[in-house]
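Notes to accompany the following structure.
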Ligand code: NAP
């Protein structure tokens with residue numbers, strides 16, 4: 001008998017999981033509250049069938065891929081249904097402490113899950129079967145042996161499965177992912193008011209500022225839920241961040257040159273020791289910036305080079321932010337290998353390109 005797998009929420013994570021695990025040996029069911037998403041999911045063959053939450057009772061594995069607070073509500077609904085005794089329920093939420101507290105009371109096996117791969121894009125159309133490749137997939141089971149059938153199902157994602165305590169998970173991602181998202185959003189909000197005063201600021205924000213604040217483009221609903229379910233950790237981290245800002249502020253007030261130097265020097269030394277390879281808590285981006293002289297003909301030429309080398313890209317944008325003759329073509333690749341190969345091919349055709357804009 002085929003295993004019945006049910007994915008609730010067919011956005012970036014749900015759709016990517018479907019694309020990675022769908023195969024003839026399982027029967028894949030899906031649900032999303034958006035009728036349009038359900039339609040697309042069927043149309044593109046993401047799932048075998050669309051079904052409703054009531055049908056959870058016939059499923060072997062149920063995956064919640066909705067915003068964290070919606071997952072918590074679904075767990076209460078599932079707790080009222082006559083699920084199979086052997087069912088495994090998991091979520092994909094970016095916080096684990098709160099869901100695991102609720103899971104203690106549930107009448108079925110629950111395994112917290114967090115695939116640490118993502119994108120600033122969301123929705124069903126962003127689904128990508130390679131999204132989880134080489135990424136850490138955190139699991140927080142009560143019993144490690146419970147996770148075996150789930151890992152078996154998720155093996156085609158080619159993720160690296162790691163078991164971590166929920167509290168440790170939330171602290172780590174709080175520092176490495178949640179606080180940086182809050183800071184990025186704050187910086188972009190500051191630049192909004194700057195643009196009102198100095199209209200040129202938007203144009204100047206195109207390069208590095210746009211890069212370092214890229215994560216501020218993530219889905220606001222998802223981030224509201226993440227903050228509300230990692231509240232104690234984030235309140236503490238925001239206080240630590242304020243201490244850091246207060247430190248540099250008082251150094252600046254005192255014109256304390258050596259303290260200001262030390263602030264940056266310590267950060268540089270730690271930053272230089274961070275691992276350069278591998279995928280971490282924030283998705284990495286594989287972007288290449290190509291200077292374009294004659295936009296129409298040159299863009300087509302670059303695209304031909306890539307397609308002849310069988311290198312696909314996931315996004316393309318033309319920045320016209322520079323005041324000299326160049327436009328800049330921004331290409332986003334799927335992985336580091338494609339990026340390196342793409343850069344070599346494009347440079348061989350005498351285009352000037354670089355990894356940072
Ligand atoms: P997403 O692209 O916005 O997908 C979520 C999907 O669930 C959307 O189609 C959404 O529809 C739908 N949805 C929302 N509430 C629902 C409900 N109550 N019932 C049924 N469907 C509902 O978000 P995602 O990036 O896939 O995130 C899903 C989960 O994975 C979240 O818990 C998030 O914390 C976690 N996660 C995200 C990332 C990332 O980088 N994106 C990485 C790891 C883990 P509408 O958009 O129409 O509301």
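The values are calculated or read from the model by the stated rules, or taken from the named source; none is laboratory data. Remember, it's a predicted structure, so these values are computed and weren't measured experimentally. Every residue, glycine as well, gets a Cβ built from its backbone with ideal geometry; the counts of neighbours run over all protein chains shown.
Selection over segment 91-124 of residues that are under 21 Å from residue 285 (Cα atoms) and outside any loop (DSSP other than H, G, I, E, B) gives a count of 3.
A quick yes/no check of all residues on (1) surrounded by 15 or more Cβ atoms within 10 Å (Cβ to Cβ); (2) assigned to a helix (DSSP H, G or I); (3) within 13 Å of the ligand (Cβ to nearest atom); (4) at pLDDT 90 or above:
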position: 178; (1), (2), (3), (4): yes, yes, yes, yes
position: 182; (1), (2), (3), (4): yes, yes, no, yes
position: 189; (1), (2), (3), (4): no, yes, no, yes
position: 246; (1), (2), (3), (4): no, yes, no, yes
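Just so you know, in segment 330-351 the residues that are out of contact with any strand residue (DSSP E or B) (no Cβ under 7 Å at 6 or more places or on another chain) and closer than 17 Å to residue 292 by Cβ include one that is surrounded by the fewest Cβ atoms within 10 Å (Cβ to Cβ), and it is 350.
Residues of segment 218-227 being surrounded by fewer than 15 Cβ atoms within 10 Å (Cβ to Cβ) and closer than 21 Å to residue 317 by Cβ, which ones? Selection gives nothing.
Yes or no, residue by residue, for (1) closer than 30 Å to residue 123 by Cβ; (2) modelled with pLDDT of 95 or more:
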residue: 221; (1), (2): yes, no
residue: 226; (1), (2): yes, yes
residue: 234; (1), (2): yes, yes
residue: 238; (1), (2): yes, yes
residue: 243; (1), (2): no, yes
residue: 249; (1), (2): no, yes
residue: 258; (1), (2): no, yes
residue: 265; (1), (2): no, yes
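Of 293, 253, 274, all but one fail to be modelled with pLDDT of 95 or more and either at negative phi or in contact with a strand residue (DSSP E or B) (Cβ under 7 Å, 6 or more places away or on another chain) (or both); the exception is 253. Only residues that are in a helix (DSSP H, G or I), buried (at least 23 other Cβ atoms within 10 Å of the Cβ) and modelled with pLDDT under 95 were counted across segment 125-167, and they come to 0.
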